[in-house]
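Heads up, the thing below is written out as structure tokens.
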Amino acid sequence: MSEDDIIGYVDPLVSSPGQKPAVKVSCTRDTFTSQVFRLGAGFKHPDGPPVSHRRVEAIPQQTHQGKPQFGRIGSFARVQSWGDTLLERAESVSISFWCLPTLPERAKHDQFLFSSLDDGGGTGFECFLDKAGQLRLRVGGSNAVQEINLSMRLLRNRWYHLLLRIWSTSGIVTLKAEAKARDIGELAEIFEESHSLGQPVRIISHMPLTIGGNSHACRPSTKPIGSGSFNGKVDGFKVETRSGAGHISTLLDLDFSLDISTDKVRDLSGNEHHGELINGPSRAVTGHNWDASQSAWTHATYGYGAIHFHDDDLDDAMWETTFLLELPSALLSGCYGIIVHDGVSTDFIPFFVRPDPNAKHIPPVALIIPTFTYAAYANEHLHDESREVHFPGDPEKKDKYFQTLMRRPDLGVSLYDSHNDGSGTVFSSLKRPVLNMRPDYSMWLFDGPREFSADLWFVDFLDRELGAEGYDVITDHDISEYGAPMLKKYRVLLSCSHPEYPTYGMLDSYAAFLGNGGHFMYLGGNGYYWVTSHDPGRSHRIEVRRAEAGCRTFGLPPGNWHHSLSGGLGGLWRSRGRPPNQLFGVGSCAMGVGKGAGYGINDEARSSEQLSFMFRGLESEVIIGDFGLVQGAASGDEIDRMDYTLGTPKNAIMIATTKLAGGHSDEYMLFNEETLYPMVKLHGTTSDKIRSDIVYFETPSKGAVFSAGSINWVGALAWKGFDNNVARMTANVLHEFVRRSRCR
Ligand SMILES: [Fe+2]
């Protein structure tokens, strides 16, 4: 893509037929066209199925005005109205708060601790760290902004209590700062300094007050906008005024330990000057007085009054709507995409349509699109070597989407990335373009499709096996929002390749589905792994907290492991007592970036009358899936195995395992939660635990589960246009499950 690219997103990502989701496009040329397709396979590969998108004739091609759009990254708190008339009469104003800078000197932009200065600089005041880490104060004046450099330096990861006071008649500014010791080798310190602005100042502000950022730049913009956010924590925020008679009034007293699961901040001054959070900073993080006596904010009476702001937080990109997409009421559920083309550049913007909730005909089968996985990986920057967390990658494999991501920091980062200050992300949003959710996306690490672009092979497969009307498409968002009653409509559910991020309620919904006699095909790997929170009221956002264990690119510090949205302990579902083995027979154990492995069929399984349906047409096969479009085999990337000690049902049968086909190479390594002392035998050739198992079991309610245990199952499924033994076995199980559901 060139500088003048075209990109966009659909909001909301998942809609019902008949609804009108908003399409938001950034385009530097005067006009562009849009055309809607129902998506099938989208990745070109000589051994794969052809690209199979189909034009949706009911939605006409349209031409639109082009306009560049850039969102603003960086989180902050904003109090719209906070008592400017009281300020007008005050002799002095004092602003006090705790703060902990996490990147005082390398942010490449000014970092605002607070700001109420108006655009002309005539009223208000603001305090910020400049690019060199200098603490500076600006006060509005009728002639010009008065500015002073404060002499104290704020050090990284040190808590400070700052008290700034501005005197109107004398123009004196004082700062008193208490610095806490960071460790046993450091003493607490007190800093005091006084400056004169040289003339009286009017302590008045007509602007909203922002904390942790400067909201003056409008959003969105037709030009790139820099972040003004502070990297670090702020704990509590108080503004007081003193009258000539010495009377002290509290204008604002924000307590961030309240309403942690919301985007609201509460004012305890009695003036009802409540505020809101922009761009999803992290809450439920340890504050200045956290002492490790309590690690759950839900139980703590103190220690959780901080908000961690980041200059690359992004919640809602807030692009202007370019046009509304009128979805026909008869539109089939499915994966859709809008091709936008400006004559030179093209983007393929995906969206999803859930089944019509009032549909009379409901097919027995549903494919579950893992939209929470797409959110978690959205715009991952693990290839970005300028970041603290990154993997070395082959530059040749970094495609056009990578190039655009590197050029556009306003598209945000993922739940796999560290923030610019090195701290871990906890939120990801879908109200922004997600460039690794594109039908032709190839992941730089594996040189092949992953997540959405790989899952479209399942769509192609089901279109071939059942016809487009023979199954529904639902999403993680739908299961989170509509739960077990929605799943109850179906008799057979299929996962996609990487259903990694369920909520507690979603696991309950799957359990209810299986308890009710449902049939489930888990056709992926590393599934149902991380504790995830989702608030349907802010449906575009998910929360994940990387805790003490798990295959993760960073771990959050102690005390930060409980989710802000739900209050629940984050980390692995396995650590919460809900390992995926319990519901699906297998659980994730290892990953590797090298060539994958095929599965050797277990002779006992093959000779079982009960399982004969699975081997129809495969009677002479010994190895399943020693081929594939990604990593060259059906078992690869992140892989799962059965383990009775982790909850695999006792009646589960191992149909095939990679260990019977030679196993994985030493490029595959065990997940850390799988190891205990002594930490040896961690690689593919030495560990018995590194394997993919195909597992089958039946439930007491006459349902059944078939699990494949690998992200790359789908890459083998699509091999040679679905003409292979992986596709055959998958189709055998699918048709048997459908047949059984008809017999009920
Ligand atoms: Fe994963």
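Per-structure values
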quantity: Condition met for Glu619 (part of a helix (DSSP H, G or I) and either of a type in the set (Val, Ile, Thr) or more than 16 Å from the ligand (Cβ to nearest atom) (or both)); calculated: no
quantity: Matching entry among Thr532, Thr425 (being touching a His at 6+ places or on another chain (Cβ under 7 Å) and among the hydroxyl-bearing types (Ser, Thr, Tyr)); calculated: Thr425
quantity: The one condition in (1) in a helix (DSSP H, G or I); (2) touching an Asp or Glu at 6+ places or on another chain (Cβ under 8 Å); (3) surrounded by 23 or more Cβ atoms within 10 Å (Cβ to Cβ) that Ala375 fails to fulfil; calculated: (2)
quantity: Those residues of segment 577-612 which are within 15 Å of the ligand (Cβ to nearest atom), closer than 30 Å to Asp535 by Cα and not hydrophobic (A, V, I, L, M, F, W, C), in sequence order; calculated: Pro580, Gly587, Ser588
quantity: Candidate set from segment 72-89 (those that are of a type in the set (A, V, I, L, M) and surrounded by fewer than 24 Cβ atoms within 10 Å (Cβ to Cβ)); member that is nearest to Ile203 (Cα to Cα); calculated: Leu87
quantity: Pair list, Cβ < 6 Å and 6+ apart or interchain, from segment 588-617 residues that are in contact (Cβ under 8 Å) with a residue 24 or more places away in the chain to residues that are within 16 Å of the ligand (Cβ to nearest atom) and basic (Lys, Arg); calculated: Cys589/Arg641
quantity: Residue within segment 521-529 that is of a type in the set (Ser, Thr, Tyr), out of contact with any helix residue (DSSP H, G or I) (no Cβ under 9 Å at 6 or more places or on another chain) and either without any contact (Cβ under 8 Å) to a residue 60 or more places away in the chain or on the phi > 0 side of the Ramachandran plot (or both) present; calculated: yes
quantity: Candidate set from segment 691-731 (those that are under 29 Å from the mean Cα position of the chain (by Cα) and part of a helix (DSSP H, G or I)); member that is surrounded by the most Cβ atoms within 10 Å (Cβ to Cβ); calculated: Trp713
quantity: Within segment 82-158, strands (runs of 3 or more DSSP E) holding 1 or more residues that are aromatic (Phe, Trp, Tyr); calculated: 92-101, 111-115, 125-129
quantity: Residues that are part of a strand (DSSP E or B) and among the hydrophobic types (A, V, I, L, M, F, W, C), drawn from segment 405-428; calculated: Phe427
quantity: Considering residues of segment 666-690 that are out of contact with any His (no Cβ under 8 Å at 6 or more places or on another chain) and among the hydroxyl-bearing types (Ser, Thr, Tyr) only, the residue surrounded by the fewest Cβ atoms within 10 Å (Cβ to Cβ); calculated: Tyr677
quantity: Elements of type strands (runs of 3 or more DSSP E) contained in segment 469-567, each with 1 or more residues being away from the ligand (no atom under 16 Å from the Cβ) and more than 30 Å from Ala718 (Cα to Cα); calculated: 532-534, 541-544
quantity: Residue within segment 311-322 that is without any contact (Cβ under 8 Å) to a residue 60 or more places away in the chain, buried (at least 18 other Cβ atoms within 10 Å of the Cβ) and not polar (S, T, N, Q) present; calculated: no
quantity: Qualifying residue in segment 163-173 (condition: touching a Leu at 6+ places or on another chain (Cβ under 8 Å), in the same structural domain as Leu117 (by TED's automatic domain parsing) and assigned to a loop (DSSP other than H, G, I, E, B)); calculated: yes
quantity: Among the residues listed as Ser34, Ser52, the single one being out of contact with any helix residue (DSSP H, G or I) (no Cβ under 9 Å at 6 or more places or on another chain) and not assigned by TED's automatic domain parsing to the domain that holds Arg464; calculated: Ser34
quantity: Residue, surrounded by the most Cβ atoms within 10 Å (Cβ to Cβ), within segment 210-250, restricted to residues that are of a type in the set (A, V, I, L, M, F, W, C) and modelled with pLDDT under 95; calculated: Ile225
quantity: Positions within segment 706-724 being touching a strand residue (DSSP E or B) at 6+ places or on another chain (Cβ under 9 Å) and either among the hydroxyl-bearing types (Ser, Thr, Tyr) or within 16 Å of the ligand (Cβ to nearest atom) (or both), in sequence order; calculated: Ser707, Ala708, Gly709, Ser710, Ile711, Asn712, Trp713, Gly715
quantity: Selection status of Arg574, crowded, with 18+ Cβ neighbours inside 10 Å, at pLDDT 95 or above, away from the ligand (no atom under 16 Å from the Cβ) and part of a loop (DSSP other than H, G, I, E, B); calculated: no
quantity: Complete set of residues in segment 339-350 that are in contact with an Asp or Glu (Cβ under 9 Å, 6 or more places away or on another chain) and of a type in the set (A, V, I, L, M, F, W, C); calculated: Ile339, Val340, Val344, Phe348
quantity: Residue count, segment 449-474 (criterion: in contact (Cβ under 8 Å) with a residue 60 or more places away in the chain and at positive phi); calculated: 1
quantity: Among the residues listed as Leu660, Leu734, the single one being more than 16 Å from the ligand (Cβ to nearest atom), touching a residue at least 12 places away in the same chain (Cβ under 8 Å), within 17 Å of Ala590 (Cβ to Cβ) and in a helix (DSSP H, G or I); calculated: Leu660
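Results for (1) in contact (Cβ under 8 Å) with a residue 60 or more places away in the chain; (2) more than 16 Å from Gly337 (Cα to Cα); (3) touching a strand residue (DSSP E or B) at 6+ places or on another chain (Cβ under 8 Å), shown as yes or no for each residue.
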| site | (1), (2), (3) |
| --- | --- |
| Asp5 | yes, yes, yes |
| Tyr9 | yes, no, yes |
| Val14 | yes, no, yes |
| Pro17 | yes, no, yes |
| Lys24 | yes, no, yes |
| Val36 | yes, no, yes |
| Lys44 | yes, yes, no |
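Quick grid of which residues meet (1) assigned to a loop (DSSP other than H, G, I, E, B); (2) modelled with pLDDT under 95; (3) crowded, with 17+ Cβ neighbours inside 10 Å:
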site	(1), (2), (3)
Gly198	yes, yes, no
Met207	yes, yes, yes
His288	yes, no, yes
Ser293	yes, no, no
Thr298	yes, no, no
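Conditions tested, residue by residue: (1) within 22 Å of Leu494 (Cβ to Cβ); (2) touching a residue at least 24 places away in the same chain (Cβ under 8 Å).
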residue: Ala652; (1), (2): yes, yes
residue: Ala656; (1), (2): yes, yes
residue: His664; (1), (2): no, yes
residue: Leu670; (1), (2): no, yes
residue: Tyr677; (1), (2): no, no
residue: His683; (1), (2): no, no
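Residues checked against (1) of a type in the set (D, E, K, R); (2) part of a loop (DSSP other than H, G, I, E, B); (3) closer than 21 Å to Ile7 by Cβ; (4) away from the ligand (no atom under 16 Å from the Cβ):
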| residue | (1), (2), (3), (4) |
| --- | --- |
| Ser329 | no, yes, no, yes |
| Tyr336 | no, no, yes, yes |
| Gly343 | no, yes, yes, yes |
| Ile362 | no, yes, no, yes |
| Leu367 | no, no, no, yes |
| Phe402 | no, no, yes, yes |
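The values are calculated or read from the model by the stated rules, or taken from the named source; none is laboratory data. Everything numeric in this text was worked out from a predicted model, so none of it was measured. Reconstructed Cβ throughout: ideal geometry from the backbone, glycine too, with neighbour counts over all protein chains shown.
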